[in-house]
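Chemist: Below: one structure in structure tokens.
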Amino acid sequence: MAATDVPPPDATELLRNAAQVRGHAYAPYSGFHVGAVVVTADGQVFEGVNVENASYRLTSCAEQSALTARATSGDRSPVVAVAVVGDGDRPATPCGGCRQTIFEFGPDATVYCAGGDALDTPLVTHITELLPHAFGPDRLGVDTERR
Ligand code: THU
């Protein structure tokens, strides 16, 4: 394997990672804890959790936190996979805003969603299935590669 070839992320491992980091969620208002992991084409992994606020609208979703961690690191390679795990046994699917943000950095991302009590039965989907007819950088003639 060439140095630049990165093996595809292992879904089970990603979901376990998201479930584990979910324990760091700050969710005293909703009581709904979410962990997210994003993987870039470079093979780097970034974690995030939901962070709520007494001024409810200032809440950050877990996906948003993970994508912010990626940007902060300086990694500009596309997001290829996102794993999201919430409380309970139903898959935690990204909210509308998070779909848009995932699309910005990972227009070809596979998205794995699970409930923490049902990690072995994830919903496996693609960002374009979650966000059909997406409005993205290309529509504005912007090439975001490496920006
Ligand atoms: N939440 C996420 O972290 N990600 C989503 O995509 C959906 C919702 C969080 C936000 C809030 O802290 C809690 O779940 C309940 O909405």
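Chemist: Working only within segment 1-40, note down all residues that are assigned to a loop (DSSP other than H, G, I, E, B), of a type in the set (Gly, Ala, Ser) and buried (at least 16 other Cβ atoms within 10 Å of the Cβ). Steps first, answer last, please.
Modeler: To start, the set of residues in segment 1-40 that are assigned to a loop (DSSP other than H, G, I, E, B) comprises 1-10, 25, 27-33.
Next cut, of a type in the set (Gly, Ala, Ser) only: 2-3, 25, 27, 30-31.
Once the filter is applied, which keeps residues that are assigned to a loop (DSSP other than H, G, I, E, B), of a type in the set (Gly, Ala, Ser) and buried (at least 16 other Cβ atoms within 10 Å of the Cβ), segment 1-40 yields Ala25, Ala27.
Chemist: To continue, here is another question. Any chance segment 65-86 includes a residue that's assigned to a loop (DSSP other than H, G, I, E, B), within 15 Å of the ligand (Cβ to nearest atom) and within 12 Å of the chain's Cα centre (by Cα)?
Modeler: Taking every residue of segment 65-86 in turn, none turns out to be assigned to a loop (DSSP other than H, G, I, E, B), within 15 Å of the ligand (Cβ to nearest atom) and within 12 Å of the chain's Cα centre (by Cα).
Chemist: If Gly48 passes every condition in (1) surrounded by 17 or more Cβ atoms within 10 Å (Cβ to Cβ); (2) in a helix (DSSP H, G or I); (3) within 12 Å of the ligand (Cβ to nearest atom) but one, which one does it miss?
Modeler: Against the list (1) surrounded by 17 or more Cβ atoms within 10 Å (Cβ to Cβ); (2) in a helix (DSSP H, G or I); (3) within 12 Å of the ligand (Cβ to nearest atom), Gly48 comes up short only on (2).
Chemist: Moving to a separate point now. Residues that are touching a residue at least 24 places away in the same chain (Cβ under 8 Å) and on the phi > 0 side of the Ramachandran plot: does segment 42-60 have at least one?
Modeler: Yes, there is a match, as at least one residue in segment 42-60 is touching a residue at least 24 places away in the same chain (Cβ under 8 Å) and on the phi > 0 side of the Ramachandran plot.
Chemist: Continuing with the same structure: Checking Asn53 against (1) more than 10 Å from the ligand (Cβ to nearest atom); (2) modelled with pLDDT of 95 or more; (3) farther than 18 Å from Pro94 by Cα, which single condition isn't satisfied?
Modeler: (1)
Chemist: Within segment 130-146, does at least one residue satisfy the condition of being in contact with a helix residue (DSSP H, G or I) (Cβ under 7 Å, 6 or more places away or on another chain) and within 12 Å of the ligand (Cβ to nearest atom)?
Modeler: yes
Chemist: Cβ-Cβ below 9 Å, separation at least six or inter-chain, first residue in segment 92-107 and on the phi < 0 side of the Ramachandran plot and part of a loop (DSSP other than H, G, I, E, B), second buried (at least 19 other Cβ atoms within 10 Å of the Cβ) and of a type in the set (Asp, Glu): which pairs?
Modeler: Correct list of pairs: Pro94/Glu63; Cys95/Glu63.
Chemist: Quickly run through segment 110-120 and pick out the residues that are crowded, with 18+ Cβ neighbours inside 10 Å and either part of a strand (DSSP E or B) or touching a Ser or Thr at 6+ places or on another chain (Cβ under 9 Å) (or both). So that I can check it myself, show each step before the final result.
Modeler: Pass one, segment 110-120, residues crowded, with 18+ Cβ neighbours inside 10 Å: 110-116, 119.
Once the filter is applied, which keeps residues that are crowded, with 18+ Cβ neighbours inside 10 Å and either part of a strand (DSSP E or B) or touching a Ser or Thr at 6+ places or on another chain (Cβ under 9 Å) (or both), segment 110-120 yields Thr110, Val111, Tyr112, Cys113, Ala114, Gly115, Leu119.
Conditions tested, residue by residue: (1) under 24 Å from Pro8 (Cβ atoms); (2) not β-branched (Val, Ile, Thr).
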position: Phe32; (1), (2): no, yes
position: Ser60; (1), (2): no, yes
position: Pro94; (1), (2): yes, yes
position: Phe103; (1), (2): yes, yes
position: His126; (1), (2): yes, yes
position: Thr144; (1), (2): yes, no
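The values are calculated or read from the model by the stated rules, or taken from the named source; none is laboratory data. Just so we're clear, the structure is a prediction, and the values are computed from it rather than from any experiment. Positions of Cβ are generated from backbone atoms using ideal geometry, with glycine treated the same way; all protein chains shown enter the neighbour counts.
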